[in-house]
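Take a look at the structure set out below.
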Amino acid sequence: MTVNKGLLSLVENTPNFSNQALENSVGTLKLGWVAKSSTLDSLIVTNPILTASQKTDLKADINNLSHINLGRVLGDLIRHSATIIDGTIIPLENDGDQGATLLQILQSVQSVQSLVPELYGVPASDKSRAVNDHLGTINNIFVDTEDSSAPVFTTLLESINFIVTANLATETALETAYTNLINFINSVVADSTDFQTTLDNLATAVATAHTNFNAALAAEPLLTHKNRLITMMNEINSQITLENANLTGINTFLDTLTDNISYTSLAEDATLRRLMSKVAQDKNWQTYFEDYETNQNNLNPIYAGTDTDATVDRVLADSGLPDVTDATDFEAVVAKARRDDRIVTTGYDRLTVEQQITRSCEQLGITTANRTISSLSNTLLNNMNKHDRDEIARRLDLNQSANTLS
């Protein structure tokens, strides 16, 4: 049921979705060399003079140590999250198609959350398809954690602060190299002379400053914080890679899930079921449709539960079993024997009750020599009651098997 309170205010306003929360969190990390690195990264992306190939080459040249070039990592994170907000992360299938919207992405992710458990029998998270596996970057997973571990951004901020506070000469030199490249890019115009050579030289200077700064972090206590930079950078990049893979392929993934559900619905029709088992070339598909009727017959709500003594006792009682308990009631024992599918009762009408008990025992492999009819009746009844119990346990197993995703 929809909650009406506040609904009118939603209708009268637009959500104005954005990745501002992520940008604000990233902003807290822009200290010391990271601030200059971020400025440079943004400038390279937005500069109108540099060509696409120049930008690609320049970014490659200065990314020789990506854990030092954190501005690039954080910039890629922001740009990735923006493509989720505006829907451009979803590729267009045909020219002229309208792009996806955030609402459509959210609806697709929601569908995945319900379809994966239905088809795989596990939570979507077990298939790396949980909400945060698609949208974690805009859900601020780098700021919050569900366990006692420190969030990614908290760890990054602590290590960046520690390194900046160390006042390393190599960090100062790196910031100077960044500044020189920033100033040059800001100064270039279309008719600049010696453009490429100067750009290359300044990029080389930044790469060299990266190397020197990295070397200065090689000893403790700075080494611990450098290693944290590397670990946190890898977590950010892994999350971006996961979200890209999940979201760019989400339409195909959903089509596969919904198609499979549609195909399995055909199994309700016996003719289509036989047809599917013939045209499907995959053995697993053939088996599903060939065994469908058998497995369907094994499904029965009375057998819900696992094969335990308590469950067997419950089903026995619900089924009115044991229906005979007095072994001295030979007529009742014989009547039960006639209902036992293990015993062939052809010609029993010509036999006495005692003979029917004896014949039934012989068919079940019960020793009859030198035994009284009372003893035989007691053993026969115990055997049949145990068979009832074993049959219930077998049906419980068959029900559970037919109801278990595989």
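The values are calculated or read from the model by the stated rules, or taken from the named source; none is laboratory data. Just so it is clear, the structure is predicted and the values come from calculations on it, not from any experiment. With ideal geometry, Cβ positions are generated from the backbone for all residues, glycine too; neighbour counts draw on all protein chains shown.
Here residue 253 does not qualify as farther than 30 Å from residue 381 by Cβ and at pLDDT below 85. Taken together, the residues in segment 149-164 that are in a helix (DSSP H, G or I) and surrounded by fewer than 18 Cβ atoms within 10 Å (Cβ to Cβ) amount to 5.
Within segment 7-41, the set of residues being aliphatic (A, V, I, L, M) and closer than 21 Å to residue 86 by Cα comprises 10, 11, 21, 22, 26.
One residue alone among 257, 202, 242 is surrounded by 15 or more Cβ atoms within 10 Å (Cβ to Cβ), in contact with a helix residue (DSSP H, G or I) (Cβ under 7 Å, 6 or more places away or on another chain) and either without any contact (Cβ under 8 Å) to a residue 40 or more places away in the chain or on the phi > 0 side of the Ramachandran plot (or both), and that residue is 202.
Of all the numbered requirements in (1) closer than 28 Å to residue 234 by Cβ; (2) at pLDDT below 95; (3) touching a helix residue (DSSP H, G or I) at 6+ places or on another chain (Cβ under 9 Å), residue 58 misses one, and that requirement is (2). Considering (1) within 21 Å of the chain's Cα centre (by Cα); (2) of a type in the set (A, V, I, L, M, F, W, C); (3) over 30 Å from residue 222 (Cα atoms), the lone condition that residue 142 does not fulfil carries the number (3). Right, residue 44: over 29 Å from residue 224 (Cα atoms) and surrounded by 15 or more Cβ atoms within 10 Å (Cβ to Cβ) or not? Here the answer is yes, as residue 44 does meet what is asked.
For segment 290-335, a tally of residues being part of a helix (DSSP H, G or I) and aliphatic (A, V, I, L, M) returns 10. Of the helices (runs of 4 or more DSSP H) that lie entirely inside segment 185-286, those containing 1 or more residues that are in contact with a His (Cβ under 6 Å, 6 or more places away or on another chain) and farther than 29 Å from residue 107 by Cα span 222-248. Does residue 167 satisfy the criteria of being over 38 Å from the mean Cα position of the chain (by Cα), surrounded by fewer than 18 Cβ atoms within 10 Å (Cβ to Cβ), assigned to a loop (DSSP other than H, G, I, E, B) and modelled with pLDDT of 95 or more? For residue 167, the condition - over 38 Å from the mean Cα position of the chain (by Cα), surrounded by fewer than 18 Cβ atoms within 10 Å (Cβ to Cβ), assigned to a loop (DSSP other than H, G, I, E, B) and modelled with pLDDT of 95 or more - is met.
The set of residues from segment 22-33 being in contact (Cβ under 8 Å) with a residue 24 or more places away in the chain and in a helix (DSSP H, G or I) comprises 22, 23, 25, 26, 32, 33.
Checked against (1) closer than 30 Å to residue 212 by Cβ; (2) without any contact (Cβ under 8 Å) to a residue 60 or more places away in the chain, residue 70 passes all but a single condition, namely (2). Select, from 77, 70, 65, 103, the only residue that is of a type in the set (A, V, I, L, M) and either within 13 Å of the chain's Cα centre (by Cα) or modelled with pLDDT under 95 (or both). Testing whether each residue is of a type in the set (A, V, I, L, M) and either within 13 Å of the chain's Cα centre (by Cα) or modelled with pLDDT under 95 (or both) leaves just 103. Listed by first and then second residue, the pairs with beta-carbon distance under 8 Å, at least 6 apart or on different chains, first residue in segment 371-385 and of a type in the set (Val, Ile, Thr), second part of a helix (DSSP H, G or I), are 373/330; 373/354; 373/357; 373/358; 379/361.
All told, residue 338 meets the bar of being touching a helix residue (DSSP H, G or I) at 6+ places or on another chain (Cβ under 8 Å) and assigned to a helix (DSSP H, G or I).
Please enumerate the residues belonging to segment 341-383 that are in a loop (DSSP other than H, G, I, E, B) and surrounded by 14 or more Cβ atoms within 10 Å (Cβ to Cβ). Of everything in segment 341-383, those that are in a loop (DSSP other than H, G, I, E, B) and surrounded by 14 or more Cβ atoms within 10 Å (Cβ to Cβ) turn out to be 343, 345, 351, 364, 366, 368, 371.
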